[in-house]
Amino acid sequence: MMLSFSLITCFPFGLSHAKLEIAKAQKDFFLRLAPLDGQFYRKIATEGYSFQNSLSYAFFPLFPALTRAAASIAGRPVLWGIILNFFFSLAALLVIGCIVKLKCKSHPLPPLLLLLAFPSSGIYNFYYTESLFLFLSASCFYACMDRRFFLAGVLGFLCALTRYQGTLLTF
């Protein structure tokens, strides 16, 4: 559901020109799923941090490192980043479902459907860090509720390597 929403929302932006060639559209299709900050993450995953582009230091290293590791197997870092985000989204849904079951003692389907139906939920399938961060932060909270504090600290540290908001989970 999230993948279809993201394809519907991002696909028309690049096809507004009538003379776009089919070969170019196929080549650039996955780059359309990496707009704005996604291009910085792609560049960091392929080339690393550079001294010439000081803006790249604003982006945290965990997601580009995972993408680079996956792309070293078969290339195309944006494609692998989107595949990783899909699996991180599924894992985040499972962890959030476990949290709802544990704390609310109710069926986890309604909150998960609300998360999926949220208008900006399509962002979880773009080449951004949101899926990874949602998975790691939800896992950190679940580990805390399960009283596994060392695991929660490790997950909090990984959150801090994903986004600057993750530093709040380490306290």
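Structure data summary
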quantity: Computed FRET value (nearest 0.05) for L90 with S50, which takes r as the C-beta separation and R₀ as 30 Å; calculated: 0.35
quantity: Calculated over region 59-171: convex hull of Cα atoms, volume per residue (Å³); calculated: 102
quantity: Leading residue at positive end of dipole, region 80-171 (Cβ point charges), from A138, F149, F87; calculated: F149
quantity: Backbone HN-Hα couplings from phi across region 60-73 [Karplus 6.51/-1.76/1.60, Hz, Gly and Pro as x]; calculated: 7, x, 5, 5, x, 5, 5, 5, 5, 5, 5, 6, 5, 6
quantity: Backbone HN-Hα couplings from phi across region 124-137 [Karplus 6.51/-1.76/1.60, Hz, Gly and Pro as x]; calculated: 5, 10, 7, 7, 10, 8, 4, 5, 4, 5, 4, 5, 5, 5
quantity: Average accessible area per residue (Å²) across region 44-117 - probe 1.4 Å, nucleic acids and ligands excluded; calculated: 60
quantity: Accessible-area composition of region 68-162, carbon plus sulfur, in percent [1.4 Å probe]; calculated: 77
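The values are calculated or read from the model by the stated rules, or taken from the named source; none is laboratory data. Please read all numbers here as calculations on a predicted model, not as lab measurements. Please note: Cβ atoms are built from the backbone with ideal geometry, for glycine as well, and neighbour counts cover all protein chains shown. Protein only, heavy atoms only, side chains kept; ligands, DNA and RNA dropped before computing areas. Shrake-Rupley method; radii C 1.70, N 1.55, O 1.52, S 1.80 Å.
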